[in-house]
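Written below as structure tokens is the structure these notes are about.
Just so it is clear, none of the values below were taken in a lab; they were calculated from the coordinates. As the structure is a prediction and not an experimental result, all values here were calculated from the model. Cβ sites come from the backbone with ideal geometry, for glycine too, and all protein chains shown count toward neighbours.
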Ligand SMILES: Nc1ncnc2c1ncn2[C@@H]1O[C@H](COP(=O)(O)OP(=O)(O)OP(=O)(O)O)[C@@H](O)[C@H]1O
Ligand SMILES: [Mg+2]
């Protein structure tokens, strides 16, 4: 839902970042207001996951320029855990398996960390079990997954559901979901999309990274951005996604070549 | 003629290991109360051999990384630890406290299936499994033999429903606490045992367990040993297995200035199942060492071995896993995996499989990994609001739990992980 007067939650300006010596983000700008749903699409390797990880604070990426304001404050100076406690959530494209750490305990520690960030008191084990059982229904996940190690041996789709379960528990202000729809069967896609719709409200915002229109059929984006070679090449409404589905990304090359010439002409 | 054998080292005594040992042996003989001491003859024999055996130096391969000289800084006396505070016993287990002097069975009603072994029978049995597994001449075993005053010896028949907990706490006192254990499992017998050895002072806990498993017998064996920065542990577990028997050993030790565990298994005719799961931790300037040995003396034997180690600070972890598959041991199936977590640049991990395979139709897999905490795992936890240090602790715990959760249920009240990491007040 677009409301021009809604508060800006995330403001990314000219963000550049590299991994080792290789520049990957080459000037990303994006503004997200409360209530909005944004979709980011783009070819493999265009930098979508890199953007999401830079936002979450992954240590492998070095920010080389630009700013990111989260609720008006500098996001990039915060440790990853503080970003999460402040309500930024990253749903991983490849959720990480953590052998030996029980999913239930992980979820409890994470939930309590976020609650502390919201100024709420910790939930004890019993109160947490009640909460988690209730939220499990959002993603229709079997409670047996709570007893297993975090993501260990989960199927691709189960991992994605576990991500949405975490999102449901952590009550994020800005959720960045990196290809949460890939690897899902049709039922699971509906469940996951239902979960996202259920959790989206006027006070929070969602950034969906996806390759497929089928997700956007269920979750209607307010904006669609096309990422190419480390920047956002074009922004439009939901019809841009439909257009991409039809035309593919060939036009990107021409447009990229054009934009790459422009700075030289201007400068 | 115990006194005579002792005169040799005593005469040669100057400073150094020799005089320390002589003083210890003299003390170990001194306390023996005549008559009621079943161990006197074997103690004298061991003392005699020990007196002529130099302290293994680091030039000896088996002790290359583990220096025994610090032992000789300990008081050369036998400890009589006072009863220590203990957590409540888990339901379904019987706890026996071992203090090296008193009869652990005094006033105890043994559960059905367990009975003490004594007299001639004890004399005829004690040391046999040590000999069979080639452990009798190991220095820690000799030291134990030359000093132990008591042996807890039990015969097991049928399925024993109660878990046997064998517990010692060397406490804060100085000296040496030798403990000797013998289990004889009759064919088809089944038992679960948990050893717990703790310390909080400058002392040595010396433990030797012999277990003989009859045909089809099963022994589930846990050993939990959270140590003290100044304490030492030398533990030997010798197991002789008949065909169809199952031995499963789960151990966790750490926190000792020097902690060394030597599981030595023999499948006498092969066709048995052995499993070893171990966790060891070394922080500060501690040494955690495991030297395991598995011998398949017949065909169709199986071994599943997982050894995990964590080294932090300037700690040092040593693992040597010997597996012997002679020609007679066709169709042996052995797998050994050593997984190590290196948490500091100044810590050290030495891990070495030692496979001697002569039989040709066998499957022997082995592998070793040394790694640090995974950046992606840490980041995943951090991205959920978990602070870096807490995330690291969770990952460390996850690494350890794989082994610890296999300890017998009776280990639960002992809070294995917290005690190994020194996170609980003692
Ligand atoms: N840690 C890294 N080390 C080396 N290269 C990296 C790393 N992370 C990203 N890259 C490179 O940066 C580029 C962008 O990767 P990114 O994962 O952001 O793409 P993406 O748009 O998410 O692609 P996909 O649609 O396939 O998920 C790729 O060329 C990738 O190989
Ligand atoms: Mg990606």
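Choose one answer from B:90, B:44, B:272: the residue with the largest mean-square fluctuation in a GNM of chain B with alpha-carbon springs under 10 Å. Ranking B:90, B:44, B:272 by mean-square fluctuation puts B:90 first.
In terms of the Cα gyration tensor, with a ≥ b ≥ c the square roots of its eigenvalues, is region B:94-218 rounded because a/c is under 1.5, prolate because a/b exceeds b/c, or oblate?
Numbers: a/c = 1.92, a/b = 1.32, b/c = 1.45.
Oblate, since a/c reaches 1.5 and b/c is not below a/b.
How far, in degrees from 0 to 90, does helix A:103-117 lean away from the longest principal axis of the Cα atoms of chain A, to the nearest 10? Computed tilt is about 70 degrees.
Among rounded, prolate and oblate, which fits region A:129-266 when a ≥ b ≥ c are the square roots of the eigenvalues of its C-alpha gyration tensor, a/c under 1.5 means rounded, and a/b larger than b/c means prolate? Intermediate results must be reported in sequence, preceding the final value.
Values: a/c = 2.45, a/b = 2.29, b/c = 1.07.
Since a/c reaches 1.5 and a/b is larger than b/c, the shape of region A:129-266 is classed as prolate.
For region B:2-420, the Kirkwood estimate of hydrodynamic radius, built from reciprocal distances between every pair of different alpha carbons, is 21.8 Å. Going from the fewest other Cβ atoms within 10 Å to the most, the residues B:400, B:232 appear in the order B:400, B:232.
Once the Cα atoms are used to define both axes, helix A:250-266 deviates from the longest principal axis of chain A by about 60 degrees.
Take every DSSP beta bridge with both residues inside chain A and express the antiparallel ones as a percent of the total, to the nearest 5.
Beta bridges within chain A, antiparallel portion: roughly 60 percent.
The alpha-carbon positions of the protein assembly as shown define a convex hull whose volume is 196 Å³ per residue.
In chain A, the alpha-carbon atoms span a convex hull of 136 Å³ per residue. For chain A, the longest principal axis of the alpha carbon atoms and the long axis of helix A:156-170 meet at an angle near 80°. Note on the protein assembly as shown: helix-only mean residue ellipticity at 222 nm, from DSSP H runs of 4+ residues weighted -39500 (n - 2.57) and normalised by residue number, equals -8500 deg cm²/dmol.
For region B:170-281, what is the convex hull (Cα atoms) projected area averaged across all directions, in square nanometres?
Values: hull surface 23.8 nm².
Spelled out: convex hull of the Cα atoms, projected over all directions, averaged, 5.9 nm².
With springs only between Cα atoms under 10 Å apart, run a GNM on chain A and tell me which of A:32, A:24, A:186 wobbles the most. Result: A:186 has the largest fluctuation of those listed.
Note on region A:27-84 and region B:299-359: Cα centroid distance 45 Å, given to the nearest whole angstrom. Go ahead and set up a Gaussian network model of chain A, Cα springs under 10 Å, then flag whichever of A:181, A:124, A:217 fluctuates most. In this elastic network of chain A, the residue with the biggest mean-square fluctuation among A:181, A:124, A:217 is A:124.
Fewest to most neighbouring Cβ within 10 Å: what's the order for B:319, A:154? Before the final figure, lay out the partial values.
Details: B:319 26, A:154 18.
Ascending number of Cβ neighbours within 10 Å: A:154, B:319.
The ranking of B:133, B:72 by Cβ neighbour count inside 10 Å, starting from the fewest, reads B:72, B:133. Take every DSSP beta bridge whose two residues both sit in the protein assembly as shown; close to 15 percent of them are antiparallel.
Where the centroid of each part is defined by its Cα atoms, how far is region B:140-212 from region B:227-296 in Å? Spelled out, the Cα-based centre of one part sits 13 Å from the other.
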